1. On the basis of being assigned to a helix (DSSP H, G or I), under 20 Å from Ser3 (Cβ atoms) and small (Gly, Ala, Ser), does Ala36 make the cut?
2. Select from the stretch 77-92 the residues that are part of a helix (DSSP H, G or I) and closer than 21 Å to Leu52 by Cα and list them in ascending order.
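The values are calculated or read from the model by the stated rules, or taken from the named source; none is laboratory data. Nothing here was measured: the structure is a model prediction, and the numbers come from that model. Here the Cβ positions follow ideal geometry from the backbone for every residue, glycine too, while neighbour counts run over all protein chains shown.
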Amino acid sequence: MPSPTDTRTQKALSLLDRAHGTATTAVLSAPDSPAAFRAATELQEAFRRATLDLAAVRRQVVIDMRRRGFSHAEVAEALGISRGRAQQISQGKGLNPQDPSALF
């Protein structure tokens, strides 16, 4: 049985895949049409939602590692991020949906 983290990751990737297909089809068929604009907007929204979902997955991984007794330094080393970033993620800092770049 997949974990909630795996399920959430798959859901986000599926959402992006569907939105990308829709946007690509609309843009290729009529790049300067209202349909292309709507499709691009839908894709942008899908990326925003997926970004939030994937940030939550990352946070859950860090929290799970911390619960298993890993220090922030050990989490950072295992995940290839800085110790400070591991601490920020575990504390939920940077979870601003208006600034997706802060999520990673």
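1. For Ala36, the condition - assigned to a helix (DSSP H, G or I), under 20 Å from Ser3 (Cβ atoms) and small (Gly, Ala, Ser) - is not met.
2. Matches in the stretch 77-92: Leu79, Gly84, Arg85, Ala86, Gln87, Gln88, Ile89, Ser90.
Let's see how each residue does on (1) of a type in the set (S, T, N, Q); (2) at pLDDT 85 or above; (3) in contact with a helix residue (DSSP H, G or I) (Cβ under 7 Å, 6 or more places away or on another chain):
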site: Ala40; (1), (2), (3): no, no, yes
site: Ser71; (1), (2), (3): yes, yes, no
site: Ile81; (1), (2), (3): no, yes, no
site: Ile89; (1), (2), (3): no, yes, yes
site: Lys93; (1), (2), (3): no, no, no
site: Asn96; (1), (2), (3): yes, no, yes
